[in-house]
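In what follows, a structure is listed as structure tokens, so that the remarks can point back to it.
Coordinate-derived values only; no laboratory data. Being a predicted model, the structure only gives us computed values, none of them experimental. Positions of Cβ are backbone-derived with ideal geometry, glycine not excepted, and every protein chain shown enters the neighbour counts.
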């Protein structure tokens, strides 16, 4: 197996929160393939038939998985707050990211949509939802409802309504995606030994104490009391709960748009961590990471993850562009309804679909997340 190709493949798959989607998919394929290679029986010795997820690397005469995927491709990557301790709590989409890979699969763009973006959510019969104009995060919640049965909300079903909503809003066909819970993100980072990130502004946590424990609920809606964790500017090493806590804060100058930037910077830090650790050469570590995620990751797609892994294997890490789309609050008087993208932000989506994203970003350099 060519470990250089595996390294590139792993880089891409991690890159888009594909950090989540395909760390648990494409990277696992790498690990299992390496393991299978080590256990290949001697000539004339029978061995077990491989399962679909354990297929060996394709021979030169056999087209690799996903050879027909030439782009463009779009992956929807969602971070949710499930609050599993609260009976009947519906998953809320707190982080909504789209990884767009144009035709040719030689570059990629990762951008976030505000959780409070006001959008038209289509009707969804499976959840008995009639449709309406509401915040993007609600698409996940409303879609997860399972009417007529005493059953917990269905995360995969909620993702489907969110996928339809994002596709309608952006004009992009969504090919596959993944949902990761906050608890899963904690475990993902800890399984990698933490991450190194440049904190670009002072961040005071609303949710965590310096010792990592959750702050106690306080008066008012969403209020907390007690000492607060503080992230000072500079180069920092963050463990799982710290990384998640830092990336969740939105009561900062810039609000949710600052939070989007921090989430994308964290994704970049995870990619670098994977490369520095040379994880593709350590299948046991990859298995450890995926085992840690367990059912905290939900993958949804019409194709196997291995197909995307091979199709995107030639993308260079330097070809990933992080984008933050500007927006503004909407409402009447003091009545806050949500967010809307500015003209510049909406135009980026138009230029992206037309294959002119690089030229547009050159005209609007502030849309790029700095290295």
- Note on the structure: Applying the gyration tensor rule to the Cα atoms of segment 320-364 (axes a ≥ b ≥ c; rounded if a/c under 1.5, else prolate if a/b exceeds b/c, else oblate), the class is prolate
- Item | Prolate/oblate/rounded call for segment 65-208, Cα gyration tensor, a/c under 1.5 rounded | oblate
- For the peptides 104-117, 190-203, 357-370, 128-141, what is the packing order when you average, over each peptide's residues, the other Cβ atoms within 10 Å and list the highest mean first? 104-117, 128-141, 190-203, 357-370
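Quick one: length gained pulling residue 356 to residue 237 fully straight, 0.36 nm per residue minus the C-alpha distance?
Contour length minus Cα-Cα distance gives 39.2 nm.
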- Which of rounded, prolate, oblate describes segment 180-248, given a ≥ b ≥ c as roots of the alpha-carbon gyration tensor eigenvalues and a/c under 1.5 marking rounded, otherwise prolate only if a/b is larger than b/c? oblate
- Of 328-335, 96-103, ordering from highest average Cβ density within 10 Å down gives 96-103, 328-335
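Would you mind calculating the gained length between residue 364 and residue 201 on full extension (0.36 nm times residue separation, minus the Cα-Cα distance), in nm to one decimal?
Result: 56.4 nm gained on full extension.
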